Amino acid sequence: MKGHFGKYGGRYVPEMLIPALEELEKVYISAKKDKQFNSDFIDLLQNFAGRPTPLVFAKNLTEKLAGAKIYLKNEGLNHTGAHKITHCIGQGLIAKRMGKTRLIAETGAGQHGVATASVAAKLGFSCTVYMGEVDIKRQRPNVFLMEQLGAKVIPVVFGSRTLKDAVNAAIKDWIENVKDTHYVLGSVVGPHPFPTMNRDFQTVVGKEIRKQISKAENKLPDVVIACVGGGSNAMGAFTEFIKESSVHLVGVEAGGRGKKIGEHATRFPNGSVGIIEGYKSYFLQNNDGQLQKTHSISAGLDYPGIGPELSHLHDTKRVEFVSVTDEEALKAVQILAQLEGIIPALESAHAVSYSIKTAPKLAKNKVIVVNLSGRGDKDIFILTKAFRDKKFYEFMENIVKEGL
């Protein structure tokens, strides 16, 4: 069925948005076949975003664990610090083709917001970003960057004041301003064609991995690991290998700080099938179909839903889903920083943590690729708090005393 992955996906939206989604689908299908569009997309990926990103052999980590080889697909070296810039460029070019003049977005960790604001500035759009009040407090550096890029950042003060509420605020704006506005949805979620379109833009990640690992090891990876919030970085890494049965695909969810409702964001096995925010998938919801509270130390992994294609890949057992706790992710940040000189985003640290658990169990001739979806600059305040860095607090106190 069109727009579906098995029984998941679809287009469950207010009637007034159907024409906009149909137009988006039509323009996207046309753009995919257009040589100029593809040329412009590749040019911006290379000369604005900085692709291809490197595939780094984690030699020191591999030697310490004495198991499988670990490679890191360093998406943090993209312009704006994460994989998000890739589908933002794609959607920005689509919006141009549709004659839109304004981009809106939702963001949790802030990376998608920064990427959208950067693309808006580059391509000449005005830009508004919705962000939960809780996320604004813990990701203030990214709010500052978005504002410097010319975006208007609107705090979302209802609900849990996190990513799911920012999505609702953005959808409301889109309904009201659909004539001149394109909603740059930030993951492989939402109504059709967003899950397919964002996946397609992100597949460059997996294609680069295939080429790079083939050159380095003369084989495909045995395992590909990616963190999963909505799922854009995961689908970017996985899609190229879905038909390769020899490649084990692992999605890592946020185990948070406990197993009670509101302490984690693990859709598997805790979620159930529902229709929320325009699509059918697994969600953390109560018996009335209302979204449950979630928690993760990483602002990008506390989303209560998951992309519909990933739900299908879960049901068909093509992707294994596991979880990593806040504490384990923090430890992985320190290990990777001190052994490999790379400070990963807290989201990506979940995938790193699971690779650290997995590598010693595998033979030394096996190869693991971790999709390092972003870098850790944005998490500096969360990390300094978690690691109780008193000197950093003294530094901040001095700044406050000195005044702006």
Please work out which residue is nearest to the chain's Cα centre (by Cα), limiting yourself to segment 254-265 and to residues that are touching a residue at least 40 places away in the same chain (Cβ under 8 Å) and not in a loop (DSSP other than H, G, I, E, B).
-> Ala254
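Yes or no, residue by residue, for (1) surrounded by 12 or more Cβ atoms within 10 Å (Cβ to Cβ); (2) outside the structural domain of Ile242 (by TED's automatic domain parsing); (3) modelled with pLDDT of 95 or more:
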position	(1), (2), (3)
Arg11	yes, yes, yes
Pro14	no, yes, no
Ala20	yes, yes, no
Lys26	yes, yes, yes
Ser30	yes, yes, yes
Phe37	yes, yes, yes
Name the one entry in Ala105, Ala109, Ala95 that is outside the structural domain of Ile276 (by TED's automatic domain parsing), in contact (Cβ under 8 Å) with a residue 24 or more places away in the chain and either over 26 Å from Gly300 (Cβ atoms) or part of a loop (DSSP other than H, G, I, E, B) (or both).
-> Ala109
Determine, yes or no, whether Val352 is in contact with a Pro (Cβ under 7 Å, 6 or more places away or on another chain), assigned to a helix (DSSP H, G or I) and at pLDDT 95 or above.
-> yes
Would you point out the residue of segment 112-147, among those that are part of a helix (DSSP H, G or I) and of a type in the set (Ser, Thr, Tyr), that is nearest to the chain's Cα centre (by Cα)?
-> Thr116
Single match in Gly251, Gly236 (criterion: surrounded by 21 or more Cβ atoms within 10 Å (Cβ to Cβ), under 22 Å from the mean Cα position of the chain (by Cα) and not in a helix (DSSP H, G or I)) = Gly251
Could you tell me which of the residues Ile171, Ile175 is within 17 Å of Val13 (Cβ to Cβ), modelled with pLDDT under 95, surrounded by 17 or more Cβ atoms within 10 Å (Cβ to Cβ) and not assigned by TED's automatic domain parsing to the domain that holds Gly67?
-> Ile171
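The values are calculated or read from the model by the stated rules, or taken from the named source; none is laboratory data. The shown structure was predicted, so the numbers you read here are calculated from the model rather than taken from an experiment. Positions of Cβ are generated from backbone atoms using ideal geometry, with glycine treated the same way; all protein chains shown enter the neighbour counts.
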